[in-house]
1. Report whether or not B:L27 is part of a strand (DSSP E or B), more than 27 Å from A:V339 (Cβ to Cβ) and either within 14 Å of another protein chain (Cβ to nearest Cβ) or out of contact with any Leu (no Cβ under 7 Å at 6 or more places or on another chain) (or both).
2. What helices (runs of 4 or more DSSP H), lying completely within the stretch A:244-310, carry at least 1 residues that are closer than 23 Å to A:F161 by Cα and either hydrophobic (A, V, I, L, M, F, W, C) or open to solvent by less than 20 Å² (accessible area, probe 1.4 Å) (or both)?
3. Looking at the stretch B:227-251, which of the residues that are over 21 Å from B:V38 (Cα atoms), among the hydrophobic types (A, V, I, L, M, F, W, C) and at pLDDT 85 or above is surrounded by the fewest Cβ atoms within 10 Å (Cβ to Cβ)?
4. For B:G42, state whether it is away from chain A (no Cβ under 13 Å) and either among the polar types (S, T, N, Q) or surrounded by fewer than 17 Cβ atoms within 10 Å (Cβ to Cβ) (or both).
5. Any residue in the stretch A:183-201 that's assigned by TED's automatic domain parsing to the domain that holds A:R92 and closer than 23 Å to A:P158 by Cα: show its pairings with residues that are open to solvent by 20 Å² or more (accessible area, probe 1.4 Å) and assigned to a helix (DSSP H, G or I) at Cβ separation under 8 Å, as long as the two are six or more apart or on different chains.
6. Name the residues in the stretch B:70-90 that are modelled with pLDDT of 95 or more and more than 11 Å from chain A (Cβ to nearest Cβ), would you?
7. Restricting attention to the stretch A:11-52, which residues are open to solvent by 30 Å² or more (accessible area, probe 1.4 Å), part of a helix (DSSP H, G or I), at pLDDT below 80 and small (G, A, S)?
8. Filter the stretch A:303-344 down to the residues that are at pLDDT 90 or above and acidic (D, E) and list them by number.
Amino acid sequence: MIWLIWRRYRLLLGLAAVVLVGLGVWMLWAGHAFDAAVVSSACHDGSSECPIYNGTLSLSVQADVINFLLLFVPCLSGMVFGAPLVAGELERFTNRLVWTQGISRTKWLVVKWCTVGVSLVVGVALLTLIVQWWTGHATERIDTNWIGIGLNGGVLRPLTFPITGFAFSAYTLFAFALGTALGAVLRKTSWAVAGTVVVYTAVSVLVVLFVRPSLAPQFFVDENPVPAAANAPSTASPFDATATPFTAGVIHEIGGSWDLGSGYRYAPGAHVSGPSANVAGQRCQALNTTPYLACLSDHHLQQGEFYLTVNHYWEVQWKESALLVLTAGALLGLTVWSVRRWTA
Amino acid sequence: MTDVAAVETIDLGRRYHTKWGLRDCSLSVPEGSITGLVGPNGAGKSTLLRLAAGLSRPTKGTVSIFGQIVRPNSTEHLRRLGYFDQLRPLYPGLRVDETLRLGEKLNQQWDNGAALELLNELEVPLTERVSRLSLGQQALVALSLCIGKRPDLLLLDEPVASLDPLARRQLLETLLATVAERGTTVFLSSHIISELEPVCDHLIILSSSAVRISGSTEELLADHRILVGPRGTPLRGVEVISVRDAERQSTLLVRGRPPDLDPAWRILQPDLDEVVLAYLSDRIAGDRSETSDSPASTRRSPS
């Protein structure tokens, strides 16, 4: 069985390996070019001669392109390997050939799924080793903001997170399982390919919006801090306009973190029943009678910026990866069910 | 021959959405026989064979192989049967010898010698890709994949369709020589009776998703007669299968031995082709049933 799968997939898997190796080599080359650029004085001077921004294909553009290509790896795996895994056989009727030999449909499917799936995950995991090195180079230079869309601002950024750590392999496995399940249910490779793109994109967006932010405790920066002096009786306004929330300690903490946007929360320790913090905060904003900040303080509300900080990176990585792998397992179950039910 | 039939179906039915592909089908294929399944396109032959191979699931009734009910997803029946699909699906990118290796890897028992013998004898190039073979050669590769399993039952769906006469003869002769050695039961379908006549000892006629008649070819020949006589003459005691009227006389194909007949009738022995055609064209007989007294001319219960 495994022999047959290797025999039939050797060309495609070989091609995929060439693509992954090509990407890896490109990253290694570009990463070293970054290193060389950092020591060049032109970059320190902020001169237009800095090789990161200049040249026929500047390094910053290359970084964007690499990041962009990496983002497509999981979805492509689902389209190229997942969608036709079952649907391709149904379309060519070769299922009638293999299902009338001596092995059960379930065994056929599970062995095929695992062989191709594991090959993909191993390939992507090896590539991840290079990606980690590559993004490490990028995140070290967050402040300078040298590098383009995906890599600037750290590994928790929505466009960077899924191509690093365990998540890269987990997303690949998920997309593969998704393509296979859609192929088995829809029975048409072309529909399964389209479905994979749509569902995979939708899931990625939903995870960013609703799942990932809650996978680890968020870091909150109160934008209206009460100066320490306000505790003592003073004639000064309790809300000192000159007080900045972004102290050196805070800046250090949120370095490389993912900015989740601003919002309201109830002050820690305040026992409040009633509307959610965001609803209450918006009511304060709408009021014209009471000063806004006093209203916040009356309701134990704080307004500020939420962050997912880098020290929670691995926690979020393994939690999200575990969710994806579990979903892939459920999709395999759906595929098995569909194949067992299939009838000519 | 034992009591257990190689293939037995009881009230077997398979519905596709609203249309029945096969309905109320009860038949049995005796072990050791070479049974032909004849019927026009769309009669349900492929449906029946796919149900027997466990590829399809019955909507109604059961199908058993050597006394065991076939269930999709079970491998028990798979070991004993070789299934040749009408579409002859093969992996086009695989070479012929790799296709045999597929058979070897996917089956518990595999006789590579038997498969190779068949291919060598008919000079199918083993190192050629399947996609580059002629249709006839592809059919032989598909057949060798069935033979290599050393099955007790071969289910062949339109094995010789779209083959040229030479390839057709080669395939059938090779098939017969191979199965004769082992006493393999063969259940093969065709919509052209002349293809099956030389090889089959049993025949099942399927039309409009139901079994018309089944039996050994000898019985079928012995049981049927052609009567030619004056048009409109009443006829009793026989079952009229089909009627063809000319201006003055009618030609009837009847089942059963005609009793004392008006001397105006001439009795002829039909050949198998004529018997089959009579069953397949019995809708015409139904329209003209008033010419005979036999109400059974349009309906046949499966025998």
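1. Yes; evaluated as a whole, the condition is true for this residue.
2. By residue number, A:248-254.
3. Going through the qualifying residues, I end up with B:V228.
4. Details: away from chain A (no Cβ under 13 Å): yes; either among the polar types (S, T, N, Q) or surrounded by fewer than 17 Cβ atoms within 10 Å (Cβ to Cβ) (or both): yes.
Yes: the conditions hold for B:G42.
5. A:G195/A:L182; A:G195/A:L186; A:T196/A:M79; A:T196/A:L182; A:V197/A:M79; A:V199/A:L182
6. Within the stretch B:70-90, none qualify.
7. A:A36, A:S41
8. Within the stretch A:303-344, A:E315, A:E320 meet the criteria.
The values are calculated or read from the model by the stated rules, or taken from the named source; none is laboratory data. Since the model is a prediction, treat every value here as computed from it, not as a measurement. Note that we place each Cβ from the backbone using ideal geometry, even for glycine, and neighbour counts take in every protein chain shown. Just so you know, the surface numbers come from the protein's heavy atoms only, side chains and all, with ligands and any DNA or RNA stripped out. Shrake-Rupley method; radii C 1.70, N 1.55, O 1.52, S 1.80 Å.
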